[in-house]
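Contents: one structure, followed by commentary.
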Amino acid sequence: MIYTENLTKKFNEFVAVNNVNLDVPAGQVLVLLGPNGAGKTTTVRMLDSILVPTEGRAVVAGYDVVKDAEAVRSRVGVLTEHHGLYGRMNGDEYLEFFGELYGLPRPVYLERIDQLLKQVGMDFARSQRLGEYSKGMRQKLSLVRSMLHDPPVLLLDEPTSAMDPESARMVRDAIKDLRSGDRTILLCTHNLQEAEELADQVAIIWHGQIIANGPLQEMKAGLLGPVEYEARVVHHLDGWEGRLSKGVFLTGRGEDWLRFKIEEPRETTPRLLRKLLRDRLDVISFREVPHTLEQAYLKAVSQVQKEQESDQERKEDQELEVDHA
Amino acid sequence: MLESLRPALVITRREVRDQLRDWRIIFPIVILTLVFPFLANFAAAQMLNFVTKYGADIIGERLVPFLMMIVGFFPISVSLVMALETFVGERERGSIEPLLNTPLKDWQLYLGKLLAATVPPLVASYLGMGVYTGGLLLQGIPLPEINILLQVLVLTSAQAVMMVSGAVVVSSQTTSVRAANLLSSFIVIPTAFLIQGESVMMFWGTNDTLWYAVIGVVVLAVLLVRVGLANFRREELLGRDIDVLNVKWGWRVFKAQFTGGARTPWAWYAKSVGPTLRKMRKAILLAAVIGLVGVVVGYFQIERFNLPITETSLKEMDSRISQLVQMWPLFSFGPVLYIFWHNVRTLLLGMVLGLVSFSILGMIPLFGTTGVIGYLMALLSTNGLPVWNYAMFILPHGVLEIPALVLASAAVLQSGAILATPSPGKSIGQTWLESLADWCKVMVGLVVPALLVAAMIEAWFTPRIAALFF
């Protein structure tokens, strides 16, 4: 549904998006995660045929974003970061206006408006002036607008940015409701919790480049390695120097806790537990410590930073060598 | 066709409805439409009484259509504010992006907004003129001729379109209404001059003279609409985030276009000047045609301005040529530089005039020069003098000077054509810089050297060759 190959966008000499490769099948939610200014909005604008890529290509809903721009735009729903509503219109007028722009027959868009407003719980505000809407209501109405023509692809750019927690929850729930078997959603955010909650796939974008990409769990495992296990005991661990069996590594310890990395958990974990009990440690809990997306994100960013620093050092060394020569 | 216009009209309908809900727009339009025409009626009646007392009826006759033009102009002045609001205002508030996300074509969005900014003020303007005309009828003041009424109507409509499309061009270069308002003086000041010019034509010119102004304004409006369309692109609308002057980037664009990557003068002529000339083929042809039309128009002006050549003045010719030979000694650079600078300055002025008028006014130096040549030819032949003998005053240096003038004018024409044509992937700033670089290339590579050599021939050889024929 969304496919990009070396997608690049330059504004004069500034490279906003650099060689982005994405492949999101139908029915999946891809979260494009990155800080402000990382190139998320520019990517969305290219995928919606608003900006023309400088290099590379993108195919959205089966259409090339450059050659078939209008076909792409009629099959994509976009929720922009700034909702940009017309304050003097009411909800119905606003949605009817967009229904006409999408070329839908009047009975069709009226029915869709009814159905979608009810789905996101906004039916009560349809005759209210948009200038009087709260932030959450405005974003939900924009979401309805983006869904009006029932697009197979949804591009959601920072849908909950600068929102209070309650409004953000309302919008997140509405997005969850819009997930369906054949609809592809690309969601841009810098909110890690939101990404973790909604993503099937995550792509981390940093300075215009994708630095990590894949299904959520696989990406975490790839960046952070296997999950860790934590044992909590009743008494202090003073003096415990137990020798661990093969395939178990101690990765951290505190006054009353131990953390392990285990290579083959099915075989090794029972042995480890028996060993702890033999050492007379009163274990009160033993649990898997899940990796968070935040850890994965920070790891990916620090890896890239290190690579860039070493590249820079190598370049400086080469320059010095040339100078000496 | 009608089906493709439908989305544009949907945009217009929404915008007009929005405007009608804003009292800040409605209030001034109502005042200008309903109150101002009565004031104008009162002023017209008083002035007519006053001038009739002193037998200056003609002033009264001219005043009536003039006031009608002013009554019509005031409501359309609002269109400028509306256009800035509807184009750059939407962009500033972020409400344009959802529109750009729809399957609308760029021209549909542009047309919808153009109509929304033009039609309500124009309707108000026609209403205002209607109220004014009704007032004239009630007061028993004779109406202007139908020809003049038509001129005022067309002028008002074209001015509205011109201001709105100018506002679109301004809007495409800014990201805020504030910046657009600052830039809008580039529309307000020329329009103010235009109105003054039209007023002068109304009072002192003939009815036919005002038709020239009507044609000029319509052409300018059409060109501005074309430029607006060329620059109203999604990429351009959303690609610009901040208004900064990037001198470094500007210089790089200019340099790259000017040098064409060449490192030696020969390579520059081959790689850069040559392809630019090939690109300018149509413009060169058009400039040559304009030059020829200038000759023909100049030739026929003899019927209006026939200056008799007396025998005394012919006798003086010989002594004048001798004087010139003495004043301009061979290989003296003073007169060469004087002639050269005069010609270069004229072409620079042509470029500046061309910049503000999509090349139209940039044709004045070419048209004026060839017009004078045509007129002189006619003058000589009507007075029975040998044209070819007198051509020796022009031909020796003209062989270089006239083609140089045609080339420089073609470069100005080309700049105007490029500005009015969509350049995919390029901003208006980049297009402008590249066309300026092309103009400089033609000037530095061909025109300036040709003008320098022509000035040497004109100062050192033309008077001496002419002396052989008298």
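The values are calculated or read from the model by the stated rules, or taken from the named source; none is laboratory data. Small disclaimer: the values here were computed from a predicted structure and weren't measured. Counting neighbours? That spans all protein chains shown, and the Cβs are built from the backbone with ideal geometry, glycine included. Just so you know, the surface numbers come from the protein's heavy atoms only, side chains and all, with ligands and any DNA or RNA stripped out. Shrake-Rupley method; radii C 1.70, N 1.55, O 1.52, S 1.80 Å.
Per DSSP H run of n ≥ 4, the term is -39500 (n - 2.57); total these for chain B, divide by its residue number, and report the mean residue ellipticity at 222 nm rounded to 500 deg cm²/dmol.
Counting only the DSSP helices, I get -25500 deg cm²/dmol.
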> To the nearest 0.05, what FRET efficiency results for B:Leu138 and B:Ala256 with a Förster distance of 56 Å applied to their C-beta separation?
Replying inline: 0.25
> For the pair B:Ala267 and A:Glu111, how long in nm is the line joining their label points, each one 7 Å along Cα→Cβ?
Replying inline: 6.8
> What is the spin-label model distance, in nm, from A:Leu320 to B:Gln326 if the labels are put 7 Å beyond Cα along the C-beta direction?
Replying inline: 8.1
> Once a ≥ b ≥ c are taken as the square roots of the eigenvalues of the Cα gyration tensor of the protein assembly as shown, is the result rounded (a/c under 1.5), prolate (a/b larger than b/c) or oblate (a/b not larger than b/c)?
Replying inline: oblate
> Going from most exposed to least, what order do B:Ile215, B:Ile428 have by accessible area with a 1.4 Å probe?
Replying inline: B:Ile215, B:Ile428
> Hey, what number do you get for chain A at 222 nm if only DSSP H runs of n ≥ 4 count, each worth -39500 (n - 2.57), divided across all residues, to the nearest 500?
Replying inline: -12500 deg cm²/dmol
> Using a Gaussian network for chain A with springs between C-alpha atoms less than 10 Å apart, which of these wobbles most: A:Asp64, A:Asp200, A:Asp164?
Replying inline: A:Asp164
> From the square roots a ≥ b ≥ c of the eigenvalues of the alpha-carbon gyration tensor of chain A, which class results: rounded (a/c under 1.5), prolate (a/b over b/c), or oblate?
Replying inline: oblate
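Give me the inter-chain shielding for A:69-75: mean count of other chain Cβ atoms within 10 Å, whole number please.
3
Output the antiparallel fraction of DSSP beta bridges having both residues in the protein assembly as shown, as a percent to the nearest 5.
Here the share of antiparallel DSSP bridges comes out near 65 percent.
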> Which of the aspartates and glutamates could be linked to B:Lys113 by a straight reach, that is with a Cα gap under 18 Å, when you skip same-chain ones fewer than 8 residues away?
Replying inline: A:Glu100, B:Glu3, B:Glu15, B:Asp18, B:Asp22, B:Glu85, B:Glu90, B:Glu92, B:Glu97, B:Glu235, B:Glu236
>> With a 1.4 Å probe and all protein chains left in place, how much accessible area per residue does the protein assembly as shown have, in Å²?
In response: 49
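Determine the shape class of segment A:9-84: with a ≥ b ≥ c the square roots of the Cα gyration tensor eigenvalues, call it rounded for a/c under 1.5, and otherwise prolate if a/b is greater than b/c, oblate otherwise.
Values: a/c = 1.38, a/b = 1.19, b/c = 1.17.
Rounded, since a/c falls under 1.5.
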> Considering chain A as a Gaussian network with a 10 Å cut-off on Cα pairs, which listed residue, A:Gly39, A:Gly103, A:Gly27, attains the greatest mean-square fluctuation?
Replying inline: A:Gly103
> Which residue, A:Gln28, A:Gln209, A:Gln303, tops the fluctuation ranking in a GNM of chain A built on C-alpha contacts under 10 Å?
Replying inline: A:Gln303
>> Assuming 0.36 nm per residue, please report the length gained on full extension of the stretch A:Glu197 to A:Asp279 beyond their Cα-Cα distance.
In response: 25.5 nm
> How far, in nm, would the chain grow between B:Arg13 and B:Asn49 when pulled straight, counting 0.36 nm per residue and subtracting the alpha carbon separation?
Replying inline: 8.4 nm
> Which trypsin sites (Lys or Arg not before Pro) from segment A:9-93 combine a DSSP loop assignment with at most 16 other Cβ atoms within 10 Å?
Replying inline: A:Lys67, A:Arg88
> Modelled label-to-label distance, A:Lys67 and A:Lys118, 7 Å Cα→beta-carbon offset: nm?
Replying inline: 4.2
>> Can you tally the net charge around A:Asp311? Count Lys and Arg as +1, Asp and Glu as -1, for every other residue whose Cβ sits under 13 Å from the Cβ of A:Asp311.
In response: -3
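Round to the nearest 0.05 the FRET efficiency obtained for B:Ile195 and B:Ile31 when R0 = 22 Å and r is the Cβ-Cβ distance.
In this case the efficiency is close to 0.65.
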> What FRET efficiency would be calculated for the residue pair A:Leu224, A:Trp257, taking the C-beta separation as r and a Förster radius of 25 Å, to the nearest 0.05?
Replying inline: 0.85
> In chain A, with Lys and Arg counted as +1 and Asp and Glu as -1 at Cβ, which of these residues, A:Pro165, A:Ile113, A:Leu130, has the Cα nearest the positive end of the dipole, that is, farthest along it?
Replying inline: A:Ile113
> Around A:Val60, what is the net charge, scoring Lys/Arg as +1 and Asp/Glu as -1 over all other residues with Cβ under 10 Å from its Cβ?
Replying inline: -1
> Gap in Å between the Cα centre of segment B:299-343 and the Cα centre of segment A:233-299?
Replying inline: 107
> Scanning chain A for GluC sites (Glu not before Pro) in DSSP loops with at most 12 other Cβ atoms within 10 Å, what's the longest stretch left with none?
Replying inline: A:14-240
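Please compute, for peptide A:97-109, the average count of beta-carbon atoms on other protein chains lying within 10 Å of each residue's beta-carbon. Kindly include the intermediate steps, with their values, before the conclusion.
Details: counts 7, 6, 1, 8, 14, 5, 7, 0, 0, 0, 0, 0, 0.
Mean shielding by partner chains, rounded to a whole number: 4.
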